[in-house]
1. Among the residues of the stretch 76-88, count how many are surrounded by fewer than 20 Cβ atoms within 10 Å (Cβ to Cβ) and farther than 16 Å from GLY50 by Cβ.
2. Checking the conditions here, which among ALA276, ALA285 is among the small types (Gly, Ala, Ser), under 23 Å from HIS194 (Cα atoms) and either touching a His at 6+ places or on another chain (Cβ under 9 Å) or surrounded by 15 or more Cβ atoms within 10 Å (Cβ to Cβ) (or both)?
3. Within the stretch 256-263, does at least one residue satisfy the condition of being touching a strand residue (DSSP E or B) at 6+ places or on another chain (Cβ under 6 Å), hydrophobic (A, V, I, L, M, F, W, C) and crowded, with 18+ Cβ neighbours inside 10 Å?
4. Looking at the stretch 131-149, is at least one residue at pLDDT 95 or above and touching a helix residue (DSSP H, G or I) at 6+ places or on another chain (Cβ under 8 Å)?
5. Which residues, counting only those in the stretch 248-269, are under 13 Å from MET200 (Cα atoms) and either in the same structural domain as LEU95 (by TED's automatic domain parsing) or of a type outside the set (D, E, K, R) (or both)?
6. Would the stretch 84-95 turn up any residue that is out of contact with any Lys or Arg (no Cβ under 7 Å at 6 or more places or on another chain), outside any helix (DSSP H, G or I), not polar (S, T, N, Q) and not assigned by TED's automatic domain parsing to the domain that holds SER239?
7. Being buried (at least 23 other Cβ atoms within 10 Å of the Cβ), in contact (Cβ under 8 Å) with a residue 12 or more places away in the chain, within 24 Å of the chain's Cα centre (by Cα) and farther than 30 Å from SER230 by Cα is the requirement here; does VAL11 meet it?
8. For ALA269, state whether it is over 12 Å from the mean Cα position of the chain (by Cα) and surrounded by 15 or more Cβ atoms within 10 Å (Cβ to Cβ).
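The values are calculated or read from the model by the stated rules, or taken from the named source; none is laboratory data. All values reported here derive from a predicted model rather than from experimental measurement. Note that we place each Cβ from the backbone using ideal geometry, even for glycine, and neighbour counts take in every protein chain shown.
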Amino acid sequence: MNMGHTKKPRVLCVDDEPSVLRALGWLLRSRFEVSSTTDAHEGLSLLRQGAFEVVISDQRMPGMTGTEFLQRAKIESPNTMRLLLTGYSDYADILGSVNDCEVFRFINKPWDNQQLLDTVNFAASVAQDAPLPDAGGPAPVDDDDSLAGTGNEVVMLLDPDPAMERQLREALGDEVLLLWARDVTEAVGMLTRHKVAVLMAETVVGANPTLDLIRAVKRSLPEVVVLMLSAERDSVTISRLINEGQIFRFIGKPVGPGYARRMVRSALAKHRDLLARPLHIARHAVQRSDDEDFERAYEIASGARGSAAQDAGDAPTAGAGRTWLRRLFARA
């Protein structure tokens, strides 16, 4: 955290269980000024009364779910970083956490104390160092259903289904350049040759999950906005895509052309906002994954571990099955 900040960051905890609030207060009070409430409506009132760097909300609460609360919190206090806490992995809950309230992190109960402390600490530092202007949020999207003003922006679809490619091409027309990748290798090649603004990807291509690619893209090309497409209803995958890939939206298949068009328009607006305000890229920083093999391969590919690791023979082992990683860092 930036040592220039002398005041403790403020954290608001909202949970209908007093025991959970006591545990959070005990964990956080040494580093943060903690306020808490068992009532979501009171939580919104507290957000209106003062600035909080972070808000932590439970999902299952009477009268208002956590996603509903955080969606309203996003309006009341757009600069506040939003964390969702839940002991359940319900698909609809997790879908709402990314599509409706754009949570920064999804945290499972029971939590790991150190991991939660580190997450809140990082979220607070981001809120302090990259505050949103008073208006908040990404650049507005016009209501005329037009993609005008996108210029030469590139949208890439990673999906082997030709029907999806035809549907998306018809929905977007000629107003953006649409690239179609059928597998991860093709996708990486396109990412190295084009400045992609929006990546639309299936969660699984062939027999291979695309999570690794999404992780790598958001860390090496953080200005790329990611939309996920899938007919699957895997809540665990979505929660990992939120934390480790900071996806912008999750779109369930089948998807109508009008909805696809709106999602792309919104994603392009988000991309422009990130380019115009690069400091705010930190507000979408991804969490390090627990996949040590991927992390090792990524560090080697990005040069973070230097030539010594490669000379020692680490590269082939760490990069097994991920040879495409090196190509991400070979952009002209």
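1. Here is the first cut: in the stretch 76-88, the ones surrounded by fewer than 20 Cβ atoms within 10 Å (Cβ to Cβ) are 76, 78-79, 87-88.
Okay, now just the ones that are also farther than 16 Å from GLY50 by Cβ, so 87-88.
Adding up the residues that qualify gives 2.
2. Working: ALA276 fails: either touching a His at 6+ places or on another chain (Cβ under 9 Å) or surrounded by 15 or more Cβ atoms within 10 Å (Cβ to Cβ) (or both).
Result: ALA285 is the single residue among ALA276, ALA285 that is among the small types (Gly, Ala, Ser), under 23 Å from HIS194 (Cα atoms) and either touching a His at 6+ places or on another chain (Cβ under 9 Å) or surrounded by 15 or more Cβ atoms within 10 Å (Cβ to Cβ) (or both).
3. Our first condition is that a residue be touching a strand residue (DSSP E or B) at 6+ places or on another chain (Cβ under 6 Å); within the stretch 256-263, this holds for 263.
Okay, now just the ones that are also hydrophobic (A, V, I, L, M, F, W, C), so 263.
Filter again for crowded, with 18+ Cβ neighbours inside 10 Å, leaving 263.
There is at least one residue in the stretch 256-263 that is touching a strand residue (DSSP E or B) at 6+ places or on another chain (Cβ under 6 Å), hydrophobic (A, V, I, L, M, F, W, C) and crowded, with 18+ Cβ neighbours inside 10 Å.
4. Within the stretch 131-149, the first condition is being at pLDDT 95 or above, and the residues that meet it are none.
Looking through the stretch 131-149, none of the residues is at pLDDT 95 or above and touching a helix residue (DSSP H, G or I) at 6+ places or on another chain (Cβ under 8 Å).
5. Residues satisfying the conditions are PHE248, PHE250, ILE251, GLY252, VAL255, ALA260, MET263, VAL264, SER266, ALA267, LEU268.
6. Yes, that holds for at least one residue.
7. On the way: buried (at least 23 other Cβ atoms within 10 Å of the Cβ): yes; in contact (Cβ under 8 Å) with a residue 12 or more places away in the chain: yes; within 24 Å of the chain's Cα centre (by Cα): yes; farther than 30 Å from SER230 by Cα: yes.
It is true that VAL11 is buried (at least 23 other Cβ atoms within 10 Å of the Cβ), in contact (Cβ under 8 Å) with a residue 12 or more places away in the chain, within 24 Å of the chain's Cα centre (by Cα) and farther than 30 Å from SER230 by Cα.
8. On the way: over 12 Å from the mean Cα position of the chain (by Cα): yes; surrounded by 15 or more Cβ atoms within 10 Å (Cβ to Cβ): yes.
Yes: the conditions hold for ALA269.
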